[in-house]
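The values are calculated or read from the model by the stated rules, or taken from the named source; none is laboratory data. Model, not experiment: these values are computed from the prediction. Neighbour counts are summed over all protein chains in view; Cβ atoms, including those assigned to glycine, are modelled from backbone coordinates with ideal geometry. These accessible areas exclude ligands, DNA and RNA; they are computed on the full protein's heavy atoms, side chains included. Shrake-Rupley method; radii C 1.70, N 1.55, O 1.52, S 1.80 Å.
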Amino acid sequence: MDKVTKLPIIAIDGPAGSGKSTVAKLVAKRLNVHYIDTGAMYRAVTLMAIKEKVDTKSETELIALAQRCSIEFKYEEKSLRVFVNGQEVTEEIRLPEVSKLSSDIADSIGVRKHLVALQQKMGETGGVILDGRDIGSLVFPEAEFKFYLDASVEERAKRRFKELKAKGLEQSFEEVKKDIAARDKRDKERPYGALKLVPDATKLDTSDLSIDEVVNILASRIHSKEDIG
Ligand code: DC
């Protein structure tokens, strides 16, 4: 009898600055699967809320906003470009004010339900890596591979600080650290779609690991269970 093999879904969850997106991008390239940056989708809706001066306290307005945001990813050799309604927002969605407000947007149950449904549609055929907060718990609880990347607040703040500095953005280290701690709290305490370590996920503390080491660990775990080449 023929063996029916569905391409796997790989879920990577973890707090801000744990290295998820860098690692997910590299693992996706190595395994030749698609990468879906779900954080970029929350950021895209946040950026549009700022641009359109949407009342972020109004659930009705937020849902309407999410529904009129058509989010697209374009894959290039070294980068993932993000578009909303045809306009490129790759850089803008990384601005500190977007990072800050994105926690409010991610609290909206209506926005979450809309984005979760889109993510499920994007990943339904398998052969995908998704990174976020609720991938293994809510978006794809049946994912074949689940990882939870973590690192100390100090280490994650160091990474973010370096990134922001390289982009010429002014924020003190203490401020960056405070923002990260505040986002952790929001991510973990949200009533719907909270960040949590599910029992079937492999947890990895990346504080003392290089990006390459984390990529190797994930890729070899995936390869040892299944040949997805
Ligand atoms: O991973 P990130 O920093 O790009 O995420 C941006 C925001 O979106 C952050 O506030 C957490 C939220 N988020 C979420 O709630 N669920 C996801 N699956 C991904 C991101």
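Values for this structure:
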| quantity | calculated |
| --- | --- |
| Lone qualifier among Ala16, Ala64 - being among the hydrophobic types (A, V, I, L, M, F, W, C) and away from the ligand (no atom under 16 Å from the Cβ) | Ala64 |
| Selection within the stretch 180-226 - within 15 Å of the ligand (Cβ to nearest atom), part of a helix (DSSP H, G or I) and of a type in the set (Gly, Ala, Ser) | Ala181, Ala182 |
| Some residue of the stretch 155-170 being more than 14 Å from the ligand (Cβ to nearest atom), open to solvent by 20 Å² or more (accessible area, probe 1.4 Å), farther than 21 Å from Glu92 by Cα and in a helix (DSSP H, G or I) | yes |
| Total residues in the stretch 120-138, condition assigned to a helix (DSSP H, G or I) and either under 14 Å from Ala44 (Cα atoms) or of a type in the set (Lys, Arg) (or both) | 1 |
| Filtered residue count, the stretch 117-140, keeping only those that are near the ligand (Cβ under 10 Å from one of its atoms) and of a type in the set (D, E, K, R) | 3 |
| Lys57 vs. criteria more than 27 Å from Lys196 (Cα to Cα) and either at pLDDT 95 or above or basic (Lys, Arg) (or both) | no |
| Residue match in the stretch 85-100 (condition: more than 16 Å from the ligand (Cβ to nearest atom), at positive phi and of a type in the set (Gly, Ala, Ser)) | yes |
| Residue in the stretch 171-179 that is assigned to a helix (DSSP H, G or I), within 16 Å of the ligand (Cβ to nearest atom) and within 29 Å of His34 (Cβ to Cβ) present | no |
| Residue within the stretch 211-223 that is touching a Gly at 6+ places or on another chain (Cβ under 9 Å), open to solvent by less than 60 Å² (accessible area, probe 1.4 Å) and closer than 22 Å to Ile36 by Cβ present | yes |
